[in-house]
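Trainee: Right, I'll just put the structure down here and ask away after.
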Amino acid sequence: MSIEALKERLPEYAKDLKLNLSTLAAEPSLNEQQRAGTFIACALASRNEATTKALCAEFAPKLSPEALTAVRAAAAIMGMNNIYYRFAHLASAPDYKTMPAKLRMNVIGKPGVDKADFELWCLAVSAINGCGACIDSHEKVLRSAGMTAEQVQAAVRIAAVVHAVAATLDGEAHSAEFAAVTLTA
């Protein structure tokens, strides 16, 4: 399945998502590795099978094996970190904010690709997972590495659209199941 096949699966009311997928697939502010990796990391974070299959089929061939491994690692590590750091940030008790996480995060220090690219993928996944502490941390690293606000925004725009596509497909699948149950009742 490709990005075109994914767009065909979207209902007509999601036409803006189709248009945004096309536009972002050629987003000029990100290089090919940044763009492809962001799409795949966000697809993995979306947890929607059709979205993940389509975007991996579209963008994985544009990445080296090392970059693809790093993308997967970014999605995996942020799946853990976003939960932990969102808890520490949202908990009322202040002591959680100062306690060491005591979670292994070695891949962040040695991702196997350009550090800024890895941080960009982590930021995009953090946006999907809603972790403000991680968003702030990764955005600060990216800006220190010379990335512009436009590049950071592009990654978050990709995250927003990929997440919306996944949510729409999930919603359509569930509404079809509901309609089938309702019709047979």
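Trainee: I'm checking my understanding of the structure. Among residues of the stretch 24-81 that are closer than 21 Å to GLY109 by Cβ and charged (D, E, K, R), which one is surrounded by the most Cβ atoms within 10 Å (Cβ to Cβ)?
Mentor: Across the stretch 24-81, the extreme among qualifying residues is ARG72.
Trainee: Of all residues in the stretch 1-60, count the ones that are more than 23 Å from LYS115 (Cβ to Cβ) and touching a Phe, Trp or Tyr at 6+ places or on another chain (Cβ under 6 Å).
Mentor: Going through the stretch 1-60 one residue at a time, the tally reaches 1.
Trainee: Identify all residues within the stretch 40-80 that are outside any loop (DSSP other than H, G, I, E, B) and of a type in the set (Lys, Arg); write none if there are none.
Mentor: LYS53, LYS62, ARG72
Trainee: While we're on this one: Being modelled with pLDDT under 95 and within 17 Å of the chain's Cα centre (by Cα) narrows it down to one of ILE108, ILE128, so name that one.
Mentor: Among ILE108, ILE128, only ILE108 is modelled with pLDDT under 95 and within 17 Å of the chain's Cα centre (by Cα).
Trainee: Next question. Scan TYR85, TYR13 and give me the residue that is modelled with pLDDT of 95 or more, aromatic (Phe, Trp, Tyr) and part of a helix (DSSP H, G or I).
Mentor: Going through TYR85, TYR13 in turn, the sole match is TYR13.
Trainee: Return the total of residues in the stretch 16-39 being out of contact with any Pro (no Cβ under 9 Å at 6 or more places or on another chain), part of a helix (DSSP H, G or I) and either of a type in the set (A, V, I, L, M, F, W, C) or without any contact (Cβ under 8 Å) to a residue 24 or more places away in the chain (or both).
Mentor: Result for the stretch 16-39: 10.
Trainee: Would a scan of the stretch 161-176 turn up a residue that is farther than 23 Å from LYS53 by Cβ and either surrounded by fewer than 22 Cβ atoms within 10 Å (Cβ to Cβ) or under 17 Å from the mean Cα position of the chain (by Cα) (or both)?
Mentor: no
Trainee: Spot the failing condition for MET147; the list is (1) modelled with pLDDT of 95 or more; (2) aliphatic (A, V, I, L, M); (3) closer than 24 Å to SER64 by Cβ; (4) part of a helix (DSSP H, G or I), and only one is missed.
Mentor: (4)
Trainee: Kindly evaluate THR69 against the criterion of being modelled with pLDDT under 95 and within 22 Å of CYS134 (Cα to Cα).
Mentor: For THR69, the condition - modelled with pLDDT under 95 and within 22 Å of CYS134 (Cα to Cα) - is not met.
Trainee: If a residue must be free of Cβ contacts under 8 Å to residues at least 40 places away in the same chain and either part of a loop (DSSP other than H, G, I, E, B) or surrounded by fewer than 18 Cβ atoms within 10 Å (Cβ to Cβ) (or both), how many such residues does the stretch 125-136 contain?
Mentor: Matching residues across the stretch 125-136 total 1.
Trainee: Next question. Is the stretch 28-45 home to any residue that is β-branched (Val, Ile, Thr) and modelled with pLDDT of 95 or more?
Mentor: Yes: the stretch 28-45 contains one or more residues that are β-branched (Val, Ile, Thr) and modelled with pLDDT of 95 or more.
The values are calculated or read from the model by the stated rules, or taken from the named source; none is laboratory data. Model, not experiment: these values are computed from the prediction. Note that each Cβ is placed from the backbone with ideal geometry, even for glycine, and that neighbours are counted across all protein chains shown.
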